[in-house]
Structures are given as C-alpha cells and as structure tokens.
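Quick notes on the structure that follows.
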Amino acid sequence: MEFDTDFITPGEAAEEIIEMLGLDLQNVKVELGERSYEIIIGRKILGKLGMIMHQFRASKAAIISNDTVFRIYGDDILRSMKSNNTSPEVILVPDGEEFKDPLWAYYLHGRLLKARFDRDSILVALGGGVIGDITGYVASTYMRGVRFVQVPTTLLAQVDSSVGGKTGVNHPSGKNMIGTFYQPSLVMIDVDTLSTLPAREFGAGVAEIIKYGVIADRKLFDYLLDKKNSVLSLSDSIIGVIKRSCEIKAEVVSKDEREAGLRAILNFGHTIGHAIETATGYRRFLHGEAIAIGMCSAADLAVKMGIFGSDDSRLIKRIVRSYELPSDIPEDIAREDILNAMEVDKKTIAGVLRLILPESIGRVRIEEGVDRELIREVLF
Ligand SMILES: NC(=O)c1ccc[n+]([C@@H]2O[C@H](COP(=O)([O-])OP(=O)(O)OC[C@H]3O[C@@H](n4cnc5c(N)ncnc54)[C@H](O)[C@@H]3O)[C@@H](O)[C@H]2O)c1
Ligand SMILES: [Zn+2]
C-alpha cells in the first residue's frame, strides 16, 4: 500500500509557519485532538499570506471574501501569493449578512466545481464573521470537506467567530439554522486590519471581549476598563487582549466542542441579546451591540436573584457605556416581542429558559428554568 508522503497535517504546517514568521507574534493552540489547530496573532501578516499558504501544499487555493474587504487588502494578498507562485481563485460575495445564505453557498460550491477544486484544495476566508461562517460551511460540505484557513478582519471575527468551528448560513426561517461543526486548519489574525474597520464594528467586537472578561477573567475586564485608550488606539496591547480572548474561547471549545454543556457560557448576554436582535428585525443593532444590552440585562437579573452584587452589575454597565455600546433596552421595543423571541430561541429546549448569569466578574453559572416572572420584572 502506498501513502501520500507529501501530506501535511495542519499542526505541521502551523509549526513551519510560526517558525517562518519569526518571534514577533503570539499563538494560541485550540486543543481538539486530531482536529487541533493554531491561532496566530500579529502584525503585517497579510503580506505573508502567500508564504503561509504555501506551507499547506494544497492543489489549489481560493480566497473567499467580499468587495469591501478585498478592495482594501486584495492587492497586497495577491502580490504575496504571486511571489510564492500561487495564483488563487478569488471568489467574492456581496457584503452583508443577507448574503450568508444557502444560495450564496451554492454559488461558491459551483465556482469551486467549475475551477476543478479537489479534496486537496484549500479555502481562505478573508473577512468578518459573515465570510468566515459561509466559507467554513462551504469548506465542510464541498466534497465532504476540504481544508480552510480563517483570516478574520473584524474584531468580532478575531476574538469569536473564527475560533471554535461553528460554521453556517441563514435560512429564511431562522438565523444560523443551517450549519456544521467544522474546525479550520489555521486562524491567522493580522491586527493591522483593524485600522480600517468602522468604529461601530470595532465596538461590537469589544462587547464580546467584555463577555470573556465577565465569564472567565476579571483581569481582562479590568484591563478593558482601565486602558480604554490603549485598546482603541490599537497599540500592541490589543494583541494581548485578542490573544487572551482566543485563549478563553479555545479553552471552552476544547472542553466542549459541540456545546453539550460548558460551551453555553459563551452565550452570556446572548439569550436576551438575540431576542433583541429578533425583535428589531436584525436591522437596528449590530450583534455586539445587542449582546451589550443582553449582558446588562442578565446582570440585572442576577442581582434580582441575589446571586450577583449590584456594584459589579453597575461596573458592567459602566464598561459597556464607556465603549459607547448601548446598555438599556430602548423604550420603543415591545417587551412582549423580546419575551416571545426568547421562548423560540434555538437554545431554549422544551420550554426551559436557560440563561448564563454572572456570580462575580470572572465567573458565571448556567441557570436552567429561570422564573419568567423575574425576567418580566427586569425587562418591563
Ligand atoms: N461562527 C461563530 O461562532 C460565530 C460567532 C459570532 C458571530 N458569528 C457570525 O458572524 C457574523 C458577524 O460577523 P462580523 O461582526 O464580523 O460582521 P461582518 O462579517 O458583516 O463584517 C462587518 C462589516 O465590516 C466590513 N469589514 C470587515 N473587515 C473589515 C476591515 N478590516 N476593514 C473595513 N471593513 C471591514 C465587512 O465588509 C462588513 O461590512 C454574523 O453572521 C454572526 O452570525 C459567528
Ligand atoms: Zn456573539
């Protein structure tokens, strides 16, 4: 029997890449047995993408992105690919959550088939969570799975969506309802890409970092609170903040890849947050903004239940507001709509409302069957 000796595991490829890029970067390993992979965080990485992709010895490579991101970073990347004798297929989808759907996934499958991509090919997701989610979904389904690399360019994607292997698209009947668990081969975070990100999108990413602070790391929370200017100015400390966020997500995911239990803590702020997104038709708030409100409401609820201190609850609101994120549910949103949306959330199993509630900053608990009357008191 003969084996393909040219085959390289993601781990081996990542090792070579880390060595090649030198000392000036950070890395976090997501431990998932044979599906383990590295998250590499640094500056000026995009210009080395050609060299990096070369390490995967893929038969073909496609860069999947959108017009907005590719307009800014495409030239650099193509130059880098060219100098490594790689000419990737560039496939762009329009910019927007509404294009994260089965039809655009089908379009991507078609483009790959037409360009004769095979099982040794590789996809690169260059963009925010929308591009990462659809590319991961296409990678997991094309020929029963090809490798893919996440190159997240929004703060939210860098600290959250690119890590953990949830992929998917929206269906007209529900957001993120069609998808797979499928881990990338590598996540490459170039923090320099954040310099072109609109401020509001940056803030939405900060909301997820605040979430990590509350669920697992008081020091991270305090850092965000005390060093706001340094975070906003994208000084080198942002690398540490992103790294710490990825570590927390990686640790949770490696213990519970498919959300059988612990992974649910990553949903702190999300039950109420999602309900607000649903009640406002996904148009009024960015995801992170809705989550910011959700975290403040969950903190209020935890205070009411007597499991969380009111000083810490105020601190959560303070940090949220200091990053210009919303903390309160606007008056004009019907409370009944929010409650109804909570009932049909895909994480509500058999009518039992499950909420992640803080016990202190840095520690949360999963609370099943929260009293609906208490929730009403907090919301109304
Ligand atoms: N898979 C997961 O675990 C997971 C977790 C959280 C969120 N998500 C998904 O992620 C999506 C949201 O991701 P997002 O917040 O990154 O939104 P997004 O992908 O829509 O990006 C936001 C906007 O920023 C633009 N953009 C991206 N990078 C840029 C850059 N460097 N400079 C300038 N503009 C840039 C995009 O073109 C877009 O207009 C949602 O679909 C959500 O469901 C997935
Ligand atoms: Zn989120």
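Would you check which residues across segment 118-139 are open to solvent by 10 Å² or more (accessible area, probe 1.4 Å), away from ligand 2 (no atom under 16 Å from the Cβ) and under 17 Å from Tyr107 (Cβ atoms) and list them? Break it down into steps so the answer makes sense when it comes.
Within segment 118-139, the first condition is being open to solvent by 10 Å² or more (accessible area, probe 1.4 Å), and the residues that meet it are 118-120, 128-130, 133, 137.
The next check asks that each one be away from ligand 2 (no atom under 16 Å from the Cβ); those that pass are 118-120, 137.
Listed by number, the list holds a single entry, Tyr137.
Scan segment 88-107 and tell me whether some residue there is at pLDDT below 95, more than 11 Å from ligand 1 (Cβ to nearest atom) and either at negative phi or among the hydrophobic types (A, V, I, L, M, F, W, C) (or both). So far as segment 88-107 goes, no, none of its residues is at pLDDT below 95, more than 11 Å from ligand 1 (Cβ to nearest atom) and either at negative phi or among the hydrophobic types (A, V, I, L, M, F, W, C) (or both).
Remark: pairs (first residue in segment 51-63, under 21 Å from Leu113 (Cβ atoms); second residue modelled with pLDDT under 90 and buried (at least 23 other Cβ atoms within 10 Å of the Cβ); Cβ separation under 8 Å; 6+ apart in sequence or on different chains) = Phe56/Ala13.
The single condition from (1) open to solvent by 60 Å² or more (accessible area, probe 1.4 Å); (2) within 11 Å of ligand 1 (Cβ to nearest atom) that Lys219 fails is (2). Ile316 passes every criterion in (1) of a type in the set (A, V, I, L, M); (2) under 19 Å from Arg218 (Cα atoms); (3) away from ligand 1 (no atom under 13 Å from the Cβ); (4) open to solvent by 10 Å² or more (accessible area, probe 1.4 Å) apart from (4). For segment 178-192, check the following and say yes or no: at least one residue is under 11 Å from the mean Cα position of the chain (by Cα) and assigned to a helix (DSSP H, G or I). No, because not a single residue in segment 178-192 is under 11 Å from the mean Cα position of the chain (by Cα) and assigned to a helix (DSSP H, G or I).
Looking only at residues of segment 5-47 that are in a loop (DSSP other than H, G, I, E, B) and of a type in the set (Val, Ile, Thr), we find that the one that is surrounded by the fewest Cβ atoms within 10 Å (Cβ to Cβ) is Thr5. Residues that are modelled with pLDDT under 95 number at least 3 in the following helices (runs of 4 or more DSSP H) confined to segment 278-380: 335-343, 372-379.
Taken over segment 264-277, residues that are in a loop (DSSP other than H, G, I, E, B) and free of Cβ contacts under 8 Å to residues at least 24 places away in the same chain amount to 0.
Of all positions in segment 241-263, at least one carries a residue that is within 16 Å of ligand 2 (Cβ to nearest atom), outside any helix (DSSP H, G or I), within 21 Å of the chain's Cα centre (by Cα) and surrounded by fewer than 18 Cβ atoms within 10 Å (Cβ to Cβ). Given the criterion open to solvent by less than 10 Å² (accessible area, probe 1.4 Å) and more than 15 Å from ligand 1 (Cβ to nearest atom), identify the matching residue among Ile329, Ile293, Ile307, Ile276. Criteria check complete, one pass: Ile293. Between a first residue in segment 223-238 that is on the phi > 0 side of the Ramachandran plot and a second residue that is exposed (fewer than 13 other Cβ atoms within 10 Å of the Cβ), which pairs have beta carbons less than 8 Å apart while being 6 or more apart in sequence or on different chains? That search, which allows pairs on different chains as well, returns Leu234/Ser195. For Leu78, are the conditions met, namely being more than 9 Å from ligand 1 (Cβ to nearest atom), part of a strand (DSSP E or B), open to solvent by 10 Å² or more (accessible area, probe 1.4 Å) and under 30 Å from Leu232 (Cα atoms)? Taking the combined requirement at face value, the residue does not satisfy it.
Each residue in segment 85-108 was checked for being of a type outside the set (A, V, I, L, M, F, W, C), open to solvent by 40 Å² or more (accessible area, probe 1.4 Å) and either touching a Pro at 6+ places or on another chain (Cβ under 9 Å) or farther than 12 Å from Val130 by Cβ (or both), and 6 pass.
State the number of residues belonging to segment 108-146 that are free of Cβ contacts under 8 Å to residues at least 60 places away in the same chain and more than 16 Å from ligand 1 (Cβ to nearest atom). Number of matching residues: 16.
Residue-wise test of (1) modelled with pLDDT under 95; (2) open to solvent by less than 10 Å² (accessible area, probe 1.4 Å); (3) in contact with a Lys or Arg (Cβ under 8 Å, 6 or more places away or on another chain).
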residue	(1), (2), (3)
Thr141	no, no, no
Phe148	no, yes, no
Leu155	no, yes, no
Ser162	no, yes, no
Thr167	no, no, no
Ile178	no, no, no
Val187	no, yes, no
Asp192	no, no, yes
Leu197	no, no, no
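The values are calculated or read from the model by the stated rules, or taken from the named source; none is laboratory data. The structure presented is a predicted model; accordingly, all values stated were derived computationally and were not measured. Cβ atoms come from the backbone with ideal geometry, glycine included; neighbour counts cover every protein chain shown. SASA here: full protein model, heavy atoms, side chains in, ligands and nucleic acids out. Shrake-Rupley method; radii C 1.70, N 1.55, O 1.52, S 1.80 Å.
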